[in-house]
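Presented below is the structure to which this report refers.
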Amino acid sequence: MKKILVTGSCGFIFSNFMRKVMREKTPYTFVSVDKVIAPYNLYNVGLNRDHAFYMGDIADEAFINNVFLLEKPDIVIHGAAESFVDASIQSAGPFIHSNVVGTQVMVDMALRHGVERFVYVSTDEVYGQLGKDEPSWTEETPINPRNPYSASKAAGELIVRAAGETHGLQYTITRCCNNYGPGQPPRNLVPRAIKSILADEPVPIHGSGKYIREWLYVDDHCTAILAILEKSPYNEIYNIGSGISCSNLDMVQKIGTCLNKTPKIEFMKDRLGQDFRYSVEFSKTQKLGWKIAHTFDAGIEKCVKWYVDNGWFLQSTGM
């Protein structure tokens, strides 16, 4: 049975991924690494006895080398990243440290220890922005990042691809649209809106709220990664999307409907370098046999219910 090393297992997306693969039958064993910025996921992921967990920084070469020596993974899924755009605008340093230096360390160790596949989990934000009527991005669209976060993820992609060209690293790069679902901290729009509406407080929204994002329920992202891992050839890029787009303001209104409340809106000063619209064309991934399992209505209702049932989460993670 092949062993997979997952980085970022206590973050939003990969805590969901780890819970999924540990409760469902998959033909792999797992080991994971996280420096635990989000301690609320440590208990149900990091301390789960069904897999080996290591707490540490992916940019620490000695630490990562020891993990590889001890665990001897066959495959790496590199999901660890600093990902909050607003924070990257305030200070890019942590994003360069984790997303660039950390990715270089992971690639170096993967090459040193001879892993058979390196999956780099990127973002659709590397493409830049779209106008209202422009066609969705394909995997061949040139990347054009417009903020420090997306620039650091694009740099990570280039590191991986360069290792493929120079050293023969067998890699896969995924670029996913905006995720929502259980365990996302309320600095992000969906849980922030849920928390504010439940408290009868205004939901803060950048600018006019007209910025358009494509939305995917996090569990569908997880199944896409598994499909790509199992069925895709090496050295390819895959967009992961839903075809479901709406403005930030419409998303907040949708959440209010699920909660049977009318949201109060507080428009904030616009974020620097704000991207107008994201949308990916993802038929390449669908050809692997993957499809979304959650409609927009079903996904939002399921997400809102989780936060209502787990009110402790919104209180423990702050804003």
Item to complete: Could you look through the range 138-154, keep only residues that are under 16 Å from the mean Cα position of the chain (by Cα) and within 13 Å of Ile173 (Cα to Cα), and pick out the one that is surrounded by the most Cβ atoms within 10 Å (Cβ to Cβ)?
Response: Lys153
Item to complete: Among the strands (runs of 3 or more DSSP E) lying completely within the range 202-261, list those that include at least 3 residues that are within 22 Å of Thr295 (Cα to Cα).
Response: 212-217, 236-240, 245-247
Response to the item:
Within the range 287-301, restricting to residues that are more than 19 Å from the chain's Cα centre (by Cα) and part of a helix (DSSP H, G or I), the one that is surrounded by the most Cβ atoms within 10 Å (Cβ to Cβ) is Glu301
Worksheet entry | Hits in the range 262-277 - residues which are surrounded by 14 or more Cβ atoms within 10 Å (Cβ to Cβ), in a loop (DSSP other than H, G, I, E, B) and among the basic types (Lys, Arg) | Arg271
Worksheet item: Does Tyr180 satisfy the condition of being within 30 Å of Trp312 (Cα to Cα) and in contact with a Lys or Arg (Cβ under 9 Å, 6 or more places away or on another chain)?
Response: no
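Could you identify the single residue in Pro263, Pro233 that is without any contact (Cβ under 8 Å) to a residue 12 or more places away in the chain and more than 22 Å from Val218 (Cα to Cα)?
Pro233
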Worksheet entry | Near pairs, Cβ below 7 angstrom, 6+ apart or cross-chain, from the range 122-137 (in the same structural domain as Val100 (by TED's automatic domain parsing) and closer than 24 Å to Thr172 by Cβ) to any residue that is assigned to a loop (DSSP other than H, G, I, E, B) and among the aliphatic types (A, V, I, L, M) | Val126/Ile143; Tyr127/Ile143
Worksheet item: For residues in the range 43-60 being at pLDDT 95 or above and surrounded by fewer than 17 Cβ atoms within 10 Å (Cβ to Cβ), which is farthest from Tyr171 (Cα to Cα)?
Response: Gly56
Worksheet item: Only one of these conditions is not met by Asp74: (1) in contact with a helix residue (DSSP H, G or I) (Cβ under 8 Å, 6 or more places away or on another chain); (2) within 22 Å of Leu229 (Cα to Cα). Which number is it?
Response: (1)
Practice prompt. Please list, ordered by first then second residue, the pairs with beta carbon atoms under 6 Å, 6 or more apart or interchain, first in the range 284-309 and over 20 Å from Ser247 (Cα atoms), second exposed (fewer than 15 other Cβ atoms within 10 Å of the Cβ).
Written response: Leu288/Lys231
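Residue-wise test of (1) in contact (Cβ under 8 Å) with a residue 24 or more places away in the chain; (2) assigned by TED's automatic domain parsing to the domain that holds Val31; (3) in contact with a Pro (Cβ under 8 Å, 6 or more places away or on another chain); (4) not hydrophobic (A, V, I, L, M, F, W, C).
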position: Ala62; (1), (2), (3), (4): no, yes, no, no
position: Asn65; (1), (2), (3), (4): yes, yes, no, yes
position: Ile75; (1), (2), (3), (4): yes, yes, no, no
position: Ala81; (1), (2), (3), (4): yes, yes, no, no
position: Val100; (1), (2), (3), (4): yes, yes, no, no
position: Met109; (1), (2), (3), (4): yes, yes, no, no
Discussion item. Considering only the range 194-205, I want to know if a residue exists there that is under 19 Å from the mean Cα position of the chain (by Cα) and surrounded by 20 or more Cβ atoms within 10 Å (Cβ to Cβ).
Written reply: no
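The values are calculated or read from the model by the stated rules, or taken from the named source; none is laboratory data. Keep in mind it's a predicted model, so treat the numbers as computed, not measured. Quick reminder, even Gly has a Cβ in these numbers, built from the backbone with ideal geometry, and neighbours come from all protein chains shown.
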